[in-house]
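S.K.: Pasting in a structure now, in structure tokens, and then I'll have a few things to ask.
The values are calculated or read from the model by the stated rules, or taken from the named source; none is laboratory data. Owing to the predicted nature of the structure, the values given are computational and were not obtained by experimental measurement. Note: ideal-geometry Cβ built from the backbone for every residue, glycine included; neighbour counts use all protein chains shown. Side chains are part of the model used for accessible areas, which takes the heavy atoms of the whole protein and leaves out ligands, DNA and RNA. Shrake-Rupley method; radii C 1.70, N 1.55, O 1.52, S 1.80 Å.
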Amino acid sequence: MEIYDDVQEAFLIARQIVLSLGITKDTPQRDAIAKINDFICEQKAYNYSYYRDTSLSASISREVGVCFNYACEFQLLCLSAGIECYVYSAIDMNHA
């Protein structure tokens, strides 16, 4: 049940962010992606020494994170805006 609650909370936060960015079903995909990217770049600081909380709600609600948090936040916001998006990671590079 914890995982379900985390996912549900993360998508609620993501939906609020998408709405606050003015992204609607009529927003061109390219514009929506640019708004999402700009939002993340302005709101989140990269910190490699950050404790790696990989929960979805932490990825979208914290102002600091690592590559995985950035990737998950981007995916959540895209999915909430109706844009298909996937997170890829490279184990040998330890990067997402």
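S.K.: Filter segment 25-36 for residues that are among the polar types (S, T, N, Q) and either touching a Pro at 6+ places or on another chain (Cβ under 9 Å) or in a helix (DSSP H, G or I) (or both) and give the result.
M.R.: Taking segment 25-36 first, the residues among the polar types (S, T, N, Q) are 27, 29.
Scanning segment 25-36 gives a single hit, Gln29.
S.K.: Okay, moving on. Before we move on, is Asp6 touching a Leu at 6+ places or on another chain (Cβ under 8 Å), of a type in the set (Asp, Glu) and modelled with pLDDT under 90? Quick ask: steps written out before the conclusion?
M.R.: On the way: touching a Leu at 6+ places or on another chain (Cβ under 8 Å): yes; of a type in the set (Asp, Glu): yes; modelled with pLDDT under 90: yes.
Yes; evaluated as a whole, the condition is true for this residue.
S.K.: Considering Ile83, Ile60, which residue is surrounded by 12 or more Cβ atoms within 10 Å (Cβ to Cβ) and outside any loop (DSSP other than H, G, I, E, B)?
M.R.: Just a single option satisfies the conditions, and that option is Ile60.
S.K.: Of all the residues that make up segment 1-19, how many are in a helix (DSSP H, G or I) and over 16 Å from Ile60 (Cα atoms)?
M.R.: Initial filter on segment 1-19 (in a helix (DSSP H, G or I)): 2-19.
Then keep just the ones that are over 16 Å from Ile60 (Cα atoms); that gives 2.
Total satisfying the criteria: 1.
S.K.: Restricting to segment 44-57, name every residue that is assigned to a loop (DSSP other than H, G, I, E, B), more than 15 Å from Val87 (Cβ to Cβ), at pLDDT below 85 and open to solvent by less than 40 Å² (accessible area, probe 1.4 Å).
M.R.: Tyr50, Asp53, listed by residue number.
S.K.: In a loop (DSSP other than H, G, I, E, B), surrounded by fewer than 18 Cβ atoms within 10 Å (Cβ to Cβ) and touching a residue at least 24 places away in the same chain (Cβ under 8 Å): does that describe Gly22?
M.R.: The answer is no for Gly22.
S.K.: Right, Cys41: open to solvent by less than 30 Å² (accessible area, probe 1.4 Å) and of a type in the set (A, V, I, L, M, F, W, C) or not?
M.R.: No.
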